[in-house]
């Protein structure tokens, strides 16, 4: 029973330590997450110039991302290690739509939608489209056909919205209004329809293994959306002009270094917590072994007490036989009865004291389980109780010897 209780106590100690470690790590991760969100908000404000203007996600799905091999133009290269969030963003300041996907700090998709683009479904769960500005072909592997159809519908809807926006801009310029500069206005836009037709006529087979083994990922948190917006802003600055390396990006790099330092510190703290956990485990094992040893000692004392009780009963029976044989020795029998009564009283007192010591020993064991820091004190108490019990056992042995002497003297008379 003592071993089971000590084992449970050890598991509880380990569980408490693990919960404490998890809470501390959770606080660290929460703190780092807040720092990242704060840095993202700062950078978005500095790069956009206005707090209320920026890109907003209008549709999000999960898919594996692939890029066409720029050398062969026949095989796919995996761009994401797992299914990531792919989102349609609308930039109200420039009136354009983009498809953006970010994995960690890497933008795996940054495609501005033009009226000449078309999304082609090449299999039940795979589709692709060509981006002339990025000079690549993007491929998406979905978990189900329904997810793919939703993406196709949204792509068509956004494409029509882009056409309408460009037609409005064209009408405005024809009536004498100031033309609006769009992000799609570039020397390579005129070649978009030709390259689009070439890619549609020569489609690449989807990567079946990657699509079949993909997993459905839960929607990302708002903080991830902020990071996606940040990645899109950073990619626009690279594609836009040479002034992308501004003070805002330098500040972002500084914040990134600070976050790396904080992450390294949290890793060091986690190692220290692991060392403390191993120390607590070793202390728990040592306490468990000490408790098992004390339990074995108690069992041994109980066996010795049972042996002494049987010996006492045997001596009482023998004394009754001697009294029956020697009826004439009345005075001696009276003395023997008195001596036996006194010995019985001593034995009862010793038994009651032994019971009290057992209760104290159990209480000491319970307190030993509740107080790991008082190990040495509890061990001293156990040793003291052991010494007292040994002393009482010696007293019982002396009483036994006295009774043997009395019985031997009675036989000789």
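The values are calculated or read from the model by the stated rules, or taken from the named source; none is laboratory data. A quick note: this is a predicted structure, and the numbers were derived from the prediction, not measured. Note that we place each Cβ from the backbone using ideal geometry, even for glycine, and neighbour counts take in every protein chain shown.
Scan the range 259-273 for residues that are farther than 24 Å from residue 105 by Cα and without any contact (Cβ under 8 Å) to a residue 60 or more places away in the chain and the total you get is 2. Which members of the range 92-117 meet the condition of being surrounded by fewer than 18 Cβ atoms within 10 Å (Cβ to Cβ) and either modelled with pLDDT of 90 or more or touching a strand residue (DSSP E or B) at 6+ places or on another chain (Cβ under 8 Å) (or both)? 92, 103 - these are the residues of the range 92-117 that are surrounded by fewer than 18 Cβ atoms within 10 Å (Cβ to Cβ) and either modelled with pLDDT of 90 or more or touching a strand residue (DSSP E or B) at 6+ places or on another chain (Cβ under 8 Å) (or both). You will find that of 288, 279, the residue that is in contact with a helix residue (DSSP H, G or I) (Cβ under 8 Å, 6 or more places away or on another chain) and surrounded by 11 or more Cβ atoms within 10 Å (Cβ to Cβ) is 288 and no other. The one condition from (1) in contact with a strand residue (DSSP E or B) (Cβ under 6 Å, 6 or more places away or on another chain); (2) at pLDDT 90 or above that residue 146 does not meet is (1).
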